[in-house]
Amino acid sequence: MRVRIPLWLAWTAATILVECCAAFVALMTLAVTPLRVALVAAIEGLALGAVQFAILRRPLPTISTAWVGATFGGILVARLCEYFADTSYSAIIAPATLAGTIALGVVLGAAIGAAVAVPQWLILRAHVARAMRWVGAGALAWACALPMMLLGLQGVASLLGPWSLTTLFADVALGMLVVGLIQGLALRGLLKTAHRSSPLPAADHVRAQRLPFGAP
């Protein structure tokens, strides 16, 4: 018997996995130039969009594959904006105060979250009511997560060897846990408002029940 994974849990796990992999790729490719940042962001956006699309297929069987493209575009814009805002490793170390780091994380995090969520909202609004809340959830998720990650990044600077890598990936995983949970729970709430004007055909409903991911 196939175990039914709650949507919010699948969403959170997928977010952590994809973003940790993206961080590894960025580290291995030394993504410190606009071109390399764009290349890593393209991989991240396509992977995240594809996994999210697979998760959304059960509760929203008619959702378009345009979700993947929307996520790709949002991630690309967000990462390039983040790069040009100069939040690189060297810029965050030493000179920033605790309050300054937190403020930077909140403002930049909200911008990143909104940049990714707005293109997704354009797809989601055809399937759920009050879809604009998705933009707010994305902004809130990243505004909560990025300050934690920037503070963690400062801690990485004081470590050497394998401990620095372990701390770096733990930092990313913790931040993405926050993002995934906030977005996953917000999505679960939005799906309760799914448009009733477009009921699923019986065959699609049966097929949807057999997909591995879904809302509880």
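Tabulated data
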| read-out | value |
| --- | --- |
| Residues located in the stretch 34-81, provided they are of a type in the set (D, E, K, R), over 21 Å from residue 110 (Cα atoms) and in contact with a helix residue (DSSP H, G or I) (Cβ under 7 Å, 6 or more places away or on another chain) | 58 |
| Candidate set: the stretch 1-25, residues that are of a type in the set (Gly, Ala, Ser) and at pLDDT 95 or above; chosen: the one surrounded by the fewest Cβ atoms within 10 Å (Cβ to Cβ) | 13 |
| Test: residue 156 is at pLDDT below 70, more than 12 Å from the chain's Cα centre (by Cα) and either basic (Lys, Arg) or surrounded by 14 or more Cβ atoms within 10 Å (Cβ to Cβ) (or both) | yes |
| Selection status of residue 113, under 19 Å from residue 79 (Cβ atoms) and at pLDDT below 85 | no |
| Filtered residue count, the stretch 107-142, keeping only those that are of a type in the set (Val, Ile, Thr) and crowded, with 23+ Cβ neighbours inside 10 Å | 2 |
| Of all residues making up the stretch 26-43, the number that are under 19 Å from residue 165 (Cβ atoms), crowded, with 16+ Cβ neighbours inside 10 Å and in contact (Cβ under 8 Å) with a residue 12 or more places away in the chain | 2 |
| Only one of 93, 102 that is at pLDDT below 90, at negative phi, surrounded by fewer than 16 Cβ atoms within 10 Å (Cβ to Cβ) and not hydroxyl-bearing (Ser, Thr, Tyr) | 93 |
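The values are calculated or read from the model by the stated rules, or taken from the named source; none is laboratory data. Because the structure is predicted, anything quoted here is derived from the model rather than measured. Note that we place each Cβ from the backbone using ideal geometry, even for glycine, and neighbour counts take in every protein chain shown.
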